[in-house]
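Below: one structure, written as structure tokens.
FYI, it's all coordinate maths here, none of it is from the lab. Everything numeric in this text was worked out from a predicted model, so none of it was measured. Cβ placement follows ideal geometry from the backbone for every residue including glycine, while neighbour counts extend to all protein chains displayed.
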DNA sequence: CGCCTTGTAATACAACCGTTCAACAAGGAA
DNA sequence: TTCCTTGTTGAACGGTTGTATTACAAGGCG
């Protein structure tokens, strides 16, 4: 008698489901409020749970943010790659679709940019964030290298160095994405795609001497070996 | 008698000098501690004054940060432009020096990158920061347009659209600067200069159809006017 | 039905935040 | 030397932060 449990005050969830929900809430808060959204109370409110629950599933707030970084970066790369992957198309067409997916409206959302800024600002201060960054950025550049490598097989394209080419292309894309995210009136998304395609076509036309393979224009080589200080063409 | 003023407890400064000192202290804190350095107490401690003094010279902390943004952006642009300006050199050589100055060690400091991230993260939330960003970024791109314009006069270079070209080049430079700032082991500064020079040379060789003037490939035109679809230059 | 594990809530805590304000003193002016 | 302007201090305020800890209750198991 008088038990009247009515509606339970909370629902128990399996740890993995709750963790994913917290990660999702973190992404929502970062997108909406930027750096100020990275707070235990904001995130827990967004997830509809108490503040203390976060420290029960994650040792600290930065670990949760690192998990959110990993989740978002992986998700975005997979999404873009899925849209670009079409075996019935030519490598050049696949690359074009990769560009178009990268500058689609949902990727140019200012909220997404603010989220990314929070991640970047933590990379140099937090070891976990640095690890996630190195891994996800490596995967991103590897995808670019793969697409450029397929391109290189076709036609009579002069050989170019894959890794430096991917670095240059990803830099161009990043710079365009940033400016478009900060001020959408500077240029239209189609302009960014056009600039990327032009860059790729120029690469295939051999217009970038510093990227030609086999040559001595090796300023772009991996910095790892002992640096023989040779001329850069 | 018994006055013994000894060392005065503080020194009065003219308002402009004190404001400049506070701006300098702000830049030091942002460089060192990133987003956590943007605090009244940290900045005032760095400047060697009390916390309350900041609100006496600036209506709020964000106004101080906006002033610091303006100061740093203007200072850096002037410095780079000074190194590139040499009337005895060819336009192409001036552009090369602009690249080299942009990827010099003091510009690739991770602390500078963290400072910039703080500024960027505030642009979408604060009107003052947005105003500073639009103004300084406009000045930066105008410098790039000027250098590219001088280049265009020489030789028999096919005409290209100045503004979209400056947008593309600044995007490439920004992307390279960001990656170099986040992970200095990815590539050497000379590689960034090489990629920028290659891009410029390809532009002058007419390798970028989307940037050619007069063509109908006008995806890069200004979005502002009522779109008469005419070519610029 | 009752126990027991454990996911969850709620509170407490010390430290920090930006801003306000009254009191002080530095240093030029008269 | 005295006064007065005003740059400057330092405490106070209400708010926030991340984390630790305690008490609770949901829901499976015996």
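Residue A:138 passes every criterion in (1) part of a loop (DSSP other than H, G, I, E, B); (2) out of contact with any helix residue (DSSP H, G or I) (no Cβ under 7 Å at 6 or more places or on another chain); (3) without any contact (Cβ under 8 Å) to a residue 24 or more places away in the chain; (4) within 12 Å of another protein chain (Cβ to nearest Cβ) apart from (1). Quick check on the stretch A:47-70. Is at least one of its residues more than 8 Å from DNA strand D (Cβ to nearest atom), closer than 29 Å to residue B:119 by Cα and within 14 Å of another protein chain (Cβ to nearest Cβ)? Looking for residues that are more than 8 Å from DNA strand D (Cβ to nearest atom), closer than 29 Å to residue B:119 by Cα and within 14 Å of another protein chain (Cβ to nearest Cβ), one finds at least one in the stretch A:47-70, hence yes.
Which of the residues belonging to the stretch A:194-216 are in a helix (DSSP H, G or I) and facing chain B (nearest Cβ under 8 Å)? Talk me through it step by step, then tell me what you get.
The initial filter retains those residues of the stretch A:194-216 that are in a helix (DSSP H, G or I), namely A:194-204, A:209-211.
Once the filter is applied, which keeps residues that are in a helix (DSSP H, G or I) and facing chain B (nearest Cβ under 8 Å), the stretch A:194-216 yields A:194, A:195, A:197, A:198, A:199, A:201, A:202, A:209, A:210, A:211.
Taking the stretch A:178-188 as the range and being surrounded by fewer than 22 Cβ atoms within 10 Å (Cβ to Cβ) and in contact (Cβ under 8 Å) with a residue 24 or more places away in the chain as the test, the residues that pass are A:178, A:181, A:182, A:184. The single condition among (1) more than 14 Å from every other protein chain (Cβ to nearest Cβ); (2) within 16 Å of DNA strand C (Cβ to nearest atom); (3) free of Cβ contacts under 8 Å to residues at least 12 places away in the same chain that residue B:44 does not satisfy is (3).
Scanning the stretch B:91-106 for residues that are within 14 Å of another protein chain (Cβ to nearest Cβ) and either outside any helix (DSSP H, G or I) or within 12 Å of DNA strand D (Cβ to nearest atom) (or both) turns up at least one hit. When B:30, B:64, B:53 are screened for being within 13 Å of DNA strand C (Cβ to nearest atom), more than 19 Å from residue B:122 (Cα to Cα) and in contact with a helix residue (DSSP H, G or I) (Cβ under 8 Å, 6 or more places away or on another chain), only B:53 passes. For the stretch A:141-156, the criterion of being within 12 Å of chain B (Cβ to nearest Cβ), over 19 Å from residue A:24 (Cα atoms) and not in a helix (DSSP H, G or I) is satisfied by no residue at all. The number of residues in the stretch B:67-86 being over 27 Å from residue A:120 (Cα atoms) and either surrounded by 16 or more Cβ atoms within 10 Å (Cβ to Cβ) or within 12 Å of DNA strand C (Cβ to nearest atom) (or both) comes to 2.
Checking each residue in the stretch A:33-46 for being within 8 Å of DNA strand D (Cβ to nearest atom) and out of contact with any helix residue (DSSP H, G or I) (no Cβ under 8 Å at 6 or more places or on another chain) picks out only A:41.
Got a number for residues in the stretch B:62-90 being in contact (Cβ under 8 Å) with a residue 12 or more places away in the chain and in a helix (DSSP H, G or I)? Count: 20.
Checked against (1) surrounded by fewer than 19 Cβ atoms within 10 Å (Cβ to Cβ); (2) in a helix (DSSP H, G or I); (3) more than 11 Å from DNA strand C (Cβ to nearest atom), residue A:59 meets all criteria but (2). Given the structure, is residue A:13 within 12 Å of DNA strand C (Cβ to nearest atom), within 14 Å of chain B (Cβ to nearest Cβ) and in contact with a helix residue (DSSP H, G or I) (Cβ under 9 Å, 6 or more places away or on another chain)? Criteria not met by residue A:13.
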